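Here is the structure we will look at.
Every number here is computed from the coordinates shown, using simple stated rules; none is lab data. Predicted, not measured: the structure shown is a model, and the values here were computed from it. Virtual Cβ from ideal backbone geometry, glycine too; neighbours counted across all protein chains shown.
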Amino acid sequence: MKIGILGSGNVAQTIGEKLLSLGHEVMVSSRDMRKEKTMWGDKKLPSAADWVRMMRDNGFKASGGSFSEAARFGETILNCTSGLATLEVIDGAGRDNFKGKVLVDIANPLDFSKGSPPSVAFCGEESLGERVQKALPDAKVVKTLNTVNAMVMVDPSLVKGDHDMFVAGNDAGSREWVSETLLKKWFGWKSVVDLGDLTAARATESYLPLWLKVMNATGTPHFNLKIVR
Ligand SMILES: NC(=O)c1ccc[n+]([C@@H]2O[C@H](COP(=O)([O-])OP(=O)(O)OC[C@H]3O[C@@H](n4cnc5c(N)ncnc54)[C@H](OP(=O)(O)O)[C@@H]3O)[C@@H](O)[C@H]2O)c1
């Protein structure tokens, strides 16, 4: 499948490599393909252009472009942009490029303006996922993967034992495709909890402060939630 990724940072590169290794065609996107990236914690990441070159050298079908090129390219699109920039990115990417497509929204609306730890910029009565769906009424937005670290997204076995991933979205068929194909078949998730429509994104996007506290307490980003019934 052709997959367009909005963004080319830590999440985009991690998920992109996994999808490429499964034989998919992936286009990442950036404001500046040549700029070296810095992850949270000052770790360096390759520029989008260098990452594409490394993936192609491995024999993978990787490419890079603008946000609108990636949206046009993708039969499915993944939003891996900074949450506070997402609406601007989508606006610039061209609404028609999302028409009828599943848009997997992984972003969290985090505000780093006061340094670290970030705060959740808005929550409660509206989520980023809902704002994205409102901006793109012809796309099928599914919120998922935003509650775990990037490496756990594509390798849930990094967390020992049973644990759960959430999906939320207004279109039941798209939630099912994301659950059964993207999450279970491609990424190896064993348990997916379907939270229903996109109002659930208000809850999953608000989880970050607790995620940070747990990471500090346990000393690892490789953990997750298990819903015990
Ligand atoms: N990292 C994780 O483990 C993790 C886990 C769960 C959820 N998330 C969420 O996933 C998203 C991506 O995270 P990440 O760690 O990959 O972030 P990142 O490395 O900082 O990458 C952010 C991406 O957003 C793009 N972007 C576009 N416009 C921007 C603007 N005005 N300001 C800043 N960035 C802009 C950047 O594009 P350029 O290439 O042009 O810089 C970059 O590709 C975020 O919403 C984050 O909250 C991350």
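If you look at the Cα atoms of segment 1-118, you get an Rg and a Dmax of 13.7, 42 Å. A convex hull fitted around the alpha carbon atoms of segment 97-183 yields 135 Å³ per residue. Of the beta bridges in segment 106-229, as assigned by DSSP with both residues counted there, near 60 percent are antiparallel. Each of the peptides 94-100, 70-76, 204-210, 177-183 was scored by the mean count of other Cβ atoms within 10 Å over its residues; in descending order, highest first, they stand as 70-76, 177-183, 204-210, 94-100. Hull volume per residue, based on the alpha-carbon atoms of segment 2-218 and their convex hull, is 116 Å³.
Summed over qualifying helices (DSSP H, 4 residues or more, each -39500 (n - 2.57)) and divided by its residue number, the chain shows a 222 nm mean residue ellipticity of -8500 deg cm²/dmol. Using the beta-carbon distance between K184 and A121 and R0 = 35 Å, what value does 1/(1 + (r/R0)^6) give for FRET efficiency, to the nearest 0.05? In this case the efficiency is close to 0.65. Could you check which residue among T86, T38, T14 shows the biggest mean-square fluctuation in a GNM of the chain with a 10 Å Cα cutoff? In the Gaussian network model the winner is T38. Under a Gaussian network description of the chain, with springs only between Cα atoms under 10 Å, the residue in G92, G83, G161 that fluctuates furthest is G161.
When the C-alpha to C-alpha distance is required to be over 30 Å, the pairs from K2/K213; K43/K143; K114/K160 that qualify are K2/K213; K114/K160.
Summarising the amide proton neighbourhood of S8: residues at separation of 5 or more, or on other chains, whose placed amide H is nearer than 5 Å comprise S29.
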